[in-house]
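Working notes for the structure below.
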Amino acid sequence: MVIFIYAFTTDAQTFSFPLPGVTLHWFALAATRSDLFDALGLSLQVAVGATLLALVLGTMAALAVANSRFFGREAVSFLVVLPIALPGIVTGIALRSSLGLMNIPFSVWTIVVGHATFCIVTVYNNVIAR
């Protein structure tokens, strides 16, 4: 809330309250930056890709675990749910290290896979519950 309030201040160097003045100048300045829109476009691409990947893989894993009995069923369930128990930074560092060791170049697809690992858990749990 504080950051939102200070987005409207006229003085970018002074953090005092009450605000020295109110302006929309910073929003107009941000709207002229192409890198801001590039970042927004990348975020949307990653969001759509991670969502689609998580929907497919999470649903398939949940249906396999719920509808069949096989050796290692509990291990599969544990591995799918594991990102809930691990802090995100630990999973992120592990994924980055693994991709680096396998000499996989970093790209939009590696970002999608990284984000999908967190999204799969949500899809899996919802499908299992149903």
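The values are calculated or read from the model by the stated rules, or taken from the named source; none is laboratory data. Since the model is a prediction, treat every value here as computed from it, not as a measurement. All Cβ positions, even for glycine, are placed from backbone atoms using ideal geometry, and neighbour counts span all protein chains on display. Please note that ligands, DNA and RNA were not included when accessible areas were found on the heavy atoms of the full protein model with its side chains. Shrake-Rupley method; radii C 1.70, N 1.55, O 1.52, S 1.80 Å.
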Neighbours by Cβ (under 7 Å, 6+ apart or cross-chain): first from the stretch 34-48, in contact (Cβ under 8 Å) with a residue 24 or more places away in the chain; second open to solvent by 80 Å² or more (accessible area, probe 1.4 Å) and part of a helix (DSSP H, G or I): V46/H115
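Can you confirm whether L86 is open to solvent by 100 Å² or more (accessible area, probe 1.4 Å) and out of contact with any strand residue (DSSP E or B) (no Cβ under 6 Å at 6 or more places or on another chain)?
Here the answer is no, as L86 does not meet what is asked.
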From G114, G100, residue being of a type outside the set (F, W, Y), assigned to a helix (DSSP H, G or I) and either in contact with a Gly (Cβ under 7 Å, 6 or more places away or on another chain) or on the phi > 0 side of the Ramachandran plot (or both): G114
Among (1) assigned to a helix (DSSP H, G or I); (2) modelled with pLDDT of 90 or more; (3) more than 22 Å from the chain's Cα centre (by Cα); (4) loosely packed, with under 13 Cβ neighbours inside 10 Å, the one test that F71 misses: (1)
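From the list I84, I120, I89, pick out the single residue that is over 30 Å from F8 (Cα atoms), under 15 Å from the mean Cα position of the chain (by Cα), at pLDDT 90 or above and part of a helix (DSSP H, G or I).
Working: I84 fails: at pLDDT 90 or above; I89 fails: at pLDDT 90 or above.
Only one candidate passes the filter, namely I120.
With the condition being at pLDDT 90 or above and touching a Cys at 6+ places or on another chain (Cβ under 7 Å), I'd like the helices (runs of 4 or more DSSP H) fully within the stretch 1-68 carrying at least 1 qualifying residues. Quick ask: steps written out before the conclusion?
Details: elements: 2-6, 25-31, 34-67.
Counting at least 1 such residues, we get 34-67.
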The stretch 91-118 residues that are free of Cβ contacts under 8 Å to residues at least 60 places away in the same chain and open to solvent by less than 50 Å² (accessible area, probe 1.4 Å), paired with ones that are of a type in the set (F, W, Y) and not in a helix (DSSP H, G or I) (beta carbon under 7 Å, 6 or more apart): L99/F106
Residue match in the stretch 14-35 (condition: closer than 26 Å to S107 by Cα, within 23 Å of the chain's Cα centre (by Cα) and open to solvent by 50 Å² or more (accessible area, probe 1.4 Å)): yes
